[in-house]
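The values are calculated or read from the model by the stated rules, or taken from the named source; none is laboratory data. Remember, predicted model here, so these are calculated numbers, not experimental data. Cβ atoms come from the backbone with ideal geometry, glycine included; neighbour counts cover every protein chain shown. The area values use the complete protein model at the heavy-atom level, side chains included, leaving out ligands, DNA and RNA. Shrake-Rupley method; radii C 1.70, N 1.55, O 1.52, S 1.80 Å.
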Amino acid sequence: MQSVNDVLNVNLQNRRDVKAQEDGCLRSESPKEVQQNQSVERGGTLRTEIIRLLGQCDVGSQPSIRPRPINCPIPLTRFQMWLWNGLENGSKPSVRGVAVAFRVVGRLDIGSLKASLNFVVRRHEALRTRFVAVGNVPRQKIVDHDNFDIDIIHSDSVPALAGSAKAALFAQKFASELVSLSSDPLFKAGLLRLSDDEHILIFSLDHIITDSLSNSIISREIWTLYNQAEQGQPLSLPELPVQFADYAVWQEWTYEAWRQSHEKYWRQKLLDAPCTQVPVDTGVPQRNGEVGALLHVDFGKPLSARLRQIARSKRVTVSLAMLTIYIAVMSRWCNQQDVVIGMLDNGRWCSQLVDIVGFLVNMLFLRVRVTPADSFQNLLEKVAEEYYSACDHQDFNRVMVDIQGCIPSGQWLEFNWLDTDWLKCPGGPVRNIDQLRIEPFSFDRTIVAYKLNAWFSDTSSGIGAMLGYNPGLVAESTISKVGRNLRHFSEEFAARPTTRLTSLQMVS
């Protein structure tokens, strides 16, 4: 059986890196004239080839995922366990928090929409899952499908605001309801009727049952089915090979084999790993809770083009080039040469999981040592080597939960490679179905930030970053300085890749 690196032919000297990203895109870092971004929704030759290759991969010498036996107890995945523990073993309420919203213009057929929703809820067990303690052991409980309904709200019941403000207020409240993991639905749909020809549709989910790619799958399937219903066709989608619960059982059954193959690697890799000490500002107004703020950093089209060219010339992804710049800046800002980064991977490592709804995202831990002799080029090589090594030792979030003392919870820098437009409007692209126009609806959502989280992306408008931070710990002026230095270091990297980092001054 081939390894991930063998199948994708990835190595530091010669790599055309193919990566299934959490934003729902399958991207190939090939020369610009042949480079294509193939979305999961559109499919295409590249997607088919990647799925074929991923199906051949040997991820930690683990057996492939199969449907679980009947009446098999369903454990929590490692990430779900982490969330469960954070809610005091499920006793505290959770915030659904994850929202996908649409503006629907035209005559919406409520019956067709309900039929589509019911089909999707029957299709994906994760949307019917509760979490209960059985003898103090948490388990997933999949409830039987009943008629799934939509909360229909008329605009008259929402405070007298202008149309967009009224819709945003509705979406914010709907997406922030507190729920019990053991008894409440963790997937809910609401519809705000602004007029006969305009509605706001929102799906609210708890993070314990979904991730961004799952949201894309839900959206795609619902509107595909709605279109079938409107055309008088029977509702149908390809049968799923497995369910998310099957993945959870697989993760439990392969745990000991994983430990034997990979625990030693992670213990050695993260031995005596330092906590990342993000500087805390004094004198900022203290705030209760962890409600954060966002700072957007725009790298612009010319600089973005140069950074892409550098990445191509070094045969790495743009994401790894931007991660290198992020590490260089954060190492200087935190005054640490030994840096631990948690980098999100979408977790769809085999063909059975491509269309599954559930939280499959993995946190890949990278430990990078930044030395005075490092240039951008040297550091990029280190980052790439760490990333590919982490991929070869996929831990499926086991490091965070199972290897006690390996790394303090939450004491690492977090780097997310996502599509900025996706973060703002996770409903996907604009769709036209018969006489309907369906477009993503953006509204302000609560950002949770402890000190600093980073989201990077590469879109048609250029490379961008969003820095999420806790304004009760870090001042806006400080985060603005971090943003300016990300751009400053990027410009230096693009112009002089062999420049030693120690020769660069932080911009004040």
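General remarks:
- Taking a quarter of the surface of the Cα convex hull of the range 238-375 gives a mean projected area of 14.0 nm².
- Nitroxide proxy distance, nm - points 7 Å out along Cα→Cβ at residue 132 and residue 275: 3.9 nm
- Interchain or long-range residues, amide H under 5 Å from residue 414's placed H: 342, 454
- Count Lys and Arg as plus one, Asp and Glu as minus one, and take only other residues whose Cβ is under 11 Å from that of residue 371; the net charge is then +1.
- Atom-type composition of the exposed protein surface of the range 296-364 places 47 percent of the accessible area on carbon and sulfur (1.4 angstrom probe).
- Inter-label distance for residue 502 and residue 230, nm, one decimal - labels placed 7 Å from Cα along Cα-to-Cβ: 6.4 nm
- About the Cα centre, charge dipole magnitude for the range 185-330 (Lys/Arg +1, Asp/Glu -1 at Cβ), debye: 1040 debye
- Centre separation in Å (Cα based) which lies between the range 292-341 and the range 97-158: 38 Å
- With one equal scatterer per alpha carbon and no solvent term, the Debye-computed log10 I(q)/I(0) for the range 73-181 at 0.12, 0.14, 0.20, 0.22 1/Å reads -0.59, -0.77, -1.18, -1.28.
- FRET efficiency estimate (nearest 0.05) - Cβ-Cβ, residue 149 to residue 434, R0 22 angstrom: 0.40
- Inverse mean reciprocal Cα-Cα distance (Kirkwood Rh) of the range 435-508, Å: 15.2 Å
- Residue-normalised accessible area of the range 99-258, expressed per residue, 1.4 Å probe, Å²: 40 Å²
- Taking the protein heavy atoms of the range 168-240 in the context of the full set of protein chains, the accessible area attributed to carbon and sulfur is 47 percent at 1.4 Å.
- Only one residue of 178, 153, 110 has its Cα farthest out toward the positive end of the dipole of the range 64-202, where Lys and Arg carry +1 and Asp and Glu -1 on Cβ, and that residue is 178.
- Remark: the range 310-352 carries 24 Å² of accessible area per residue (probe radius 1.4 Å; ligands, DNA and RNA excluded).
- Anisotropy class of the range 64-136 from Cα gyration tensor, a/c 1.5 cut: oblate
- The range 464-505 and the range 206-240: distance between their alpha carbon centers, rounded to Å: 40 Å
- Filtered trypsin sites (Lys or Arg not before Pro), the range 71-115: DSSP coil and at most 12 other beta carbons within 10 Å: 107
- Take each peptide in 334-340, 469-475, count the other Cβ atoms within 10 Å of every residue, and average; sorted highest first, the result is 469-475, 334-340.
- Positive dipole terminus of the range 188-293, leading residue within 235, 276, 225 (C-beta point charges): 276
- Across the cross-link table entries 92/382; 264/481; 166/188; 141/269; 92/269, which are compared at the Cα atoms, the separations over 31 Å belong to 92/382; 264/481; 141/269; 92/269.
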